[in-house]
Amino acid sequence: EAEVAQSPRYKITEKSQAVAFWCDPISGHATLYWYRQILGQGPELLVQFQDESVVDDSQLPKDRFSAERLKGVDSTLKIQPAELGDSAMYLCASSLRETAGYEQYFGPGTRLTVT
Amino acid sequence: AQSVTQLDSHVSVSEGTPVLLRCNYSSSYSPSLFWYVQHPNKGLQLLLKYTSAATLVKGINGFEAEFKKSETSFHLTKPSAHMSDAAEYFCVVRPSGYSSASKIIFGSGTRLSIRP
C-alpha cells in the first residue's frame, strides 16, 4: 500500500540553528499538507499546496518558516532559526484532491526537539 | 468560522463495554467530518468520514459515527471496546468548497484508555 514518506523521523537541534524536513506524498496526490502537532494537542495546519502552488499558508510563521514544493511532488519545510517553542511533531499529509471529501493520508511525522 | 470541540480529553472504559467519544462542530458551510486515530509512534489513520451522504457512517475496526445536524454533533461509537483501541482520537471538520475561511480544523483529541 502506498504511503506518505517523511524524513528524518527524529531531529534534535539547538536553538538558532536551521532545520529542514522532507515529505514525499503518495504518487498522484495533487494536494500536500504540513501540520504541526504540539504534545497533547491536535494537529494545526501550517501550509497547504495544490500541485506546486501554495493555497493556504495563513498559519505559517513566515518570519522563520518556509515551505516549497517546486515540482509539485515532494516538499520541504524549513525553520530558520529554530526556537524552543518549535519543538513538536511535524506531520505531512497528502490527498488526491483538495476538495473537502477527499481523505488525507498522513506520514509518520518528524519529531523535532529544540534545545 | 468553523470550529470543532471534543468534549472529553480522556475516556476510560473496560474491555468489552461500549465506547462513546463526543464531538461537536461549528461550520458556516456544509461540512465534511472525519474521525482519525493516532496510535503511539504511528501516523494518523482515517477511521471514517461523513460527506453529506448517509448520516450514519460505518468505519474500520467496528467504529461508527452519526451526523446530527440539529445537534451539530458527530459522536464516535463502538459497541465493544478492545484493548487495541487504546489510542488518541481526533475529530476533524472541513467545510465543503474551499476558501480562506474553510480551513481543515482538528479537535484537541480524546485519549481512549481500555481497562482489562
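The values are calculated or read from the model by the stated rules, or taken from the named source; none is laboratory data. Every value quoted in this text rests on a predicted model; they were computed, and no experiment measured them. No Cβ is skipped: glycine too gets one built from the backbone with ideal geometry, and neighbour counts run over all protein chains shown.
Points to keep in mind about this one:
- Any strands (runs of 3 or more DSSP E) falling wholly within the range B:41-116 and containing at least 3 residues that are of a type outside the set (Phe, Trp, Tyr) and more than 13 Å from chain A (Cβ to nearest Cβ): B:64-68, B:73-78, B:110-115
- Residues satisfying the stated conditions in the range A:14-32, i.e. within 17 Å of A:Ile79 (Cβ to Cβ) and either within 11 Å of another protein chain (Cβ to nearest Cβ) or among the polar types (S, T, N, Q) (or both): A:Ser16, A:Gln17
- Scanning the range A:1-29 for residues that are among the aliphatic types (A, V, I, L, M) and buried (at least 16 other Cβ atoms within 10 Å of the Cβ) gives A:Val4, A:Val19, A:Ile26.
- Applying a threshold of 7 Å to beta carbon distances and a minimum spacing of six or more residues, or different chains, the list of pairs starting in the range A:63-87 at a residue that is among the acidic types (Asp, Glu) and ending at one that is exposed (fewer than 15 other Cβ atoms within 10 Å of the Cβ) and in a loop (DSSP other than H, G, I, E, B) reads A:Glu83/A:Lys15.
- Scanning the range B:28-40 for residues that are at pLDDT below 85 and within 11 Å of chain A (Cβ to nearest Cβ) turns up B:Tyr29, B:Ser30, B:Pro31.
- Within the range A:36-47, restricting attention to residues that are surrounded by 20 or more Cβ atoms within 10 Å (Cβ to Cβ) and more than 8 Å from every other protein chain (Cβ to nearest Cβ), the residue that is farthest from B:Thr5 (Cα to Cα) is A:Val47.
- Residue within the range B:36-48 that is in contact with a Lys or Arg (Cβ under 8 Å, 6 or more places away or on another chain), surrounded by 12 or more Cβ atoms within 10 Å (Cβ to Cβ) and closer than 21 Å to A:Leu91 by Cα present: yes
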